[in-house]
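The values are calculated or read from the model by the stated rules, or taken from the named source; none is laboratory data. Because the structure is predicted, anything quoted here is derived from the model rather than measured. Counting neighbours? That spans all protein chains shown, and the Cβs are built from the backbone with ideal geometry, glycine included. Heads up: the accessible areas ignore ligands, DNA and RNA and are worked out on the full protein's heavy atoms, side chains in. Shrake-Rupley method; radii C 1.70, N 1.55, O 1.52, S 1.80 Å.
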Amino acid sequence: MKNLQHWFRGLLFVFLAWSAAFAAGAVNASGAGAELKPGSVVLIRHALAPGVGDPAQFVLNDCSTQRNLNDEGRAQAVRIGKFFRQLPVPVEAVWSSQWCRTRETADLAFPGQRVDQAAFNSFFGEPDAAPAQTQAARALLNAWAGKGLLVVVTHQVNITAITGVVPASGEAVVLGRRNGVWAVTGRLTP
């Protein structure tokens, strides 16, 4: 029991430090290529929406049945947008899953730019859908040929399936093409 309490205290400390750094506008870019080159793809896990998964009565087009952003998550989404507006490479396109928390993150961070892409919907409650949906998401990414940044606001399960990275809420995984294949080139950690 004492080890569990120690673990929770450590987790709380990390969370509070992370929250304070992000609230101050700090963003840590790590990995080679995290400078966001033209043509890069940025997969962002939606901003903070407390909880895990969605309630049993979940309905895709009814936000009242879903897990949604809280006030901290909405502020986080605004900070994400501010960070991207300060970059020398413009955000050319913004794709989002059809979940309310991803749409709201995209709309707050990148007003007027969001286009829904069902291939980036969560499959958390339907793991059997993961292979086909991930294949569809990869096909969309492979077709991307923009000169600016493509930002995709999606869910942890999607980002992990595509990259192997398990991102925190609001965290971004940067992809660049290497020999015609998308590869992780960095992370933007709030």
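Side notes on the structure shown:
- Sum of side-chain charges, Ile162 neighbourhood, beta-carbon under 13 Å (Lys, Arg +1; Asp, Glu -1): +2
- Protein accessible area in the range 46-183, 1.4 Å probe - carbon and sulfur %: 55
- Cα lying deepest toward the dipole's positive end in the range 44-190, options Leu149, Asn61, Ala118, charges on Cβ: Leu149
- Net lengthening on full extension, Asp128/Ala168 (0.36 nm per residue, minus Cα-Cα): 12.1 nm
- Shape of the range 109-190, Cα gyration tensor, a/c cut at 1.5: rounded
- Protection proxy ranking of 109-115, 128-134, by the mean of other Cβ atoms within 10 Å over each peptide's residues and highest first, is 109-115, 128-134.
- Computed Rg/Rh of the range 89-156, alpha carbon atoms with Kirkwood Rh: 0.98
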